[in-house]
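Heads up: the structure comes next, in structure tokens.
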Amino acid sequence: MLPFKLVYSEDYFLPIGTHVFPAEKYKRVHDRLLEGKACEAADFVAPRPASDDDILLVHTPRYVEKLKTGTLSAMEELQLEIPYSPELVRAFWLAAGGSMLAADHALNDGIAISIGGGFHHAFPDHGEGFCMINDIAIAIRRMQRDEKIRTAMTLDCDVHQGNGTAVIFAPQPARSPGVISRNRNSQTDVFTISLHQENNYPAFKPPSSLDVNLPDGLGDNEYLATLGDAFSMGLSKFQPELVCYVAGADPYCEDQLGGLSLTIEGLKRRDTLVFQMAKAEGIPIMVTFAGGYAHRLQDTVTIHSNTVIAAKEVFVRK
Ligand SMILES: [Zn+2]
């Protein structure tokens, strides 16, 4: 048995019909891990949906109301880029519950992986780019509300910039200029890092705490060196109590929506590097999957499955 949990439900499936987003990937990863004996059935824990109160820790009441009542405008649904349905709302609430559960298990075990989630393009008041709600931010805010953590860091390695996450955790301006803040750190309790292809969606990239704009076609070695530097720099500025790693599969060289040139092996080295660094610092790490649009679905499934195998290699004591 693994010394950490994999959070998964068959209901992670997103009912979006034929779409570039392969909604069946979660089940395929689950099945592949079991077939390959990378884990056992007992390693999986099933999430419950987040409550509306959890969602409201991040999202505006008006947006949540629109989602619950099916009253998004045509423009808002277009921006979401996936077809709205009440069933889809339920799947996203479950993804948020899964990320909350993974964060909680990570704090106990040092690492936990949700075989889903990573919807980093969702903003407080709207969704976009296949992301209805921001499960990563909801998990962080719930852990903070429960006083399990005070601070967190997001390390977003999806090929697309984590625009929603950046806006949600943007430092708040001091409320009363001239008044000395009692707590200097109160303005940034979540440090956001995004490594992404510059020449890609989203066109407008709101500032993260640390953005790394990567050139088209960047390969394994340059990517890994840049990632190591960025994560080290972030950790030298900010010591979080939890890292939320967004392990997008779309920096892959054969991705339909990505323009970087990482190999499957390079992506596994990426995961290994992130896990080794978090472990060396003694910081718990929670993982979500985010995007992955390889021409061959089996490649996306391999990349995500390798994230679990990399975690096993780093966290299982030999
Ligand atoms: Zn992406």
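Readers should treat all values here as calculations from the given coordinates under stated rules, not as data from a laboratory. What you see is a predicted model; the values in this text were computed from it and never measured. In this analysis, Cβ positions are derived from the backbone assuming ideal geometry, glycine residues included, and neighbour counts consider all displayed protein chains.
Rounded to the nearest 500 deg cm²/dmol, what is the calculated helix-only ellipticity per residue at 222 nm for the chain, with -39500 (n - 2.57) per DSSP H run of length n ≥ 4?
One gets -12500 deg cm²/dmol as the mean residue ellipticity at 222 nm.
Taking only the alpha-carbon atoms of segment 1-135, what semi-axes of the equivalent ellipsoid follow from 5 times the gyration tensor eigenvalues under a square root, in whole Å, largest first?
Ellipsoid half-lengths, sorted descending, are 28, 17, 10 Å.
Taking the chain, how much of its Cα-Cα pair set, in percent, is spaced more than 26 angstrom apart?
Roughly 41 percent, once rounded to a whole number.
Which entries of LYS68/LYS312; LYS27/LYS68; LYS148/LYS237; LYS25/LYS237; LYS27/LYS148 have Cα-Cα distances beyond 32 Å here?
Going by Cα-Cα distance, LYS68/LYS312; LYS25/LYS237 fall outside the 32 Å limit.
Relative contact order for segment 1-135: what is it in percent, counting Cα pairs under 8 Å that are at least 6 residues apart?
34
Rounded to the nearest 0.05, what FRET efficiency do ASP31 and THR60 give with R0 = 25 Å and r taken as the Cβ-Cβ distance? Could you check?
Once rounded, the FRET efficiency stands at 0.10.
Order of MET153, MET1, MET286, MET233 from fewest to most other C-beta atoms within 10 Å?
Starting with the residue having the fewest Cβ neighbours, the order is MET1, MET233, MET153, MET286.
Going by average Cβ density within 10 Å per residue, which order do the peptides 30-37, 160-167 take, highest to lowest?
Peptide ranking by packing, descending: 160-167, 30-37.
Between segment 48-83 and segment 1-19, how many Å separate their Cα centres?
Segment 48-83 and segment 1-19 have Cα centres spaced 21 Å from each other.
Based on DSSP, what percent of beta bridges with both residues in the chain are antiparallel, to the nearest 5?
5
Going by C-beta contacts inside 10 Å, put TYR8, TYR252 in order with the fewest on the left.
Final ranking by Cβ density, sparse to dense: TYR8, TYR252.
Say a paramagnetic label sat at a point 7 Å from the Cα of LYS279, along Cα to Cβ; which residues of segment 288-318 have their backbone N under 11 Å from it?
Hits in segment 288-318 for LYS279 at 11 Å: 310-318.
Want the number for GLU87 to THR69: 0.36 nm per residue separation, take away the alpha-carbon distance, what's left?
Once the chain is fully extended between GLU87 and THR69, it gains 5.3 nm.
Work out how much length LEU78 to HIS295 would gain on full extension: take 0.36 nm times their residue separation and subtract the Cα-Cα distance, in nm to one decimal.
Separation in residues times 0.36 nm, less the Cα-Cα distance, equals 75.7 nm.
Sticking with the crude label model, points 7 Å out along Cα→Cβ, report the distance from GLN239 to SER51 in nm, one decimal please.
3.4
Work out the length of the dipole vector of the chain about its Cα centre, built from +1 on the beta-carbon of each Lys and Arg and -1 on the beta-carbon of each Asp and Glu, and round it to the nearest 20 debye.
So the magnitude is around 880 debye.
Which order results if LYS5, LYS25 are arranged by neighbouring Cβ count within 10 Å, fewest first?
LYS5, LYS25
Where the centre of each part is set by its Cα atoms, how far does segment 126-150 sit from segment 184-250, in angstrom?
When both Cα centres are located, 18 Å separates them.
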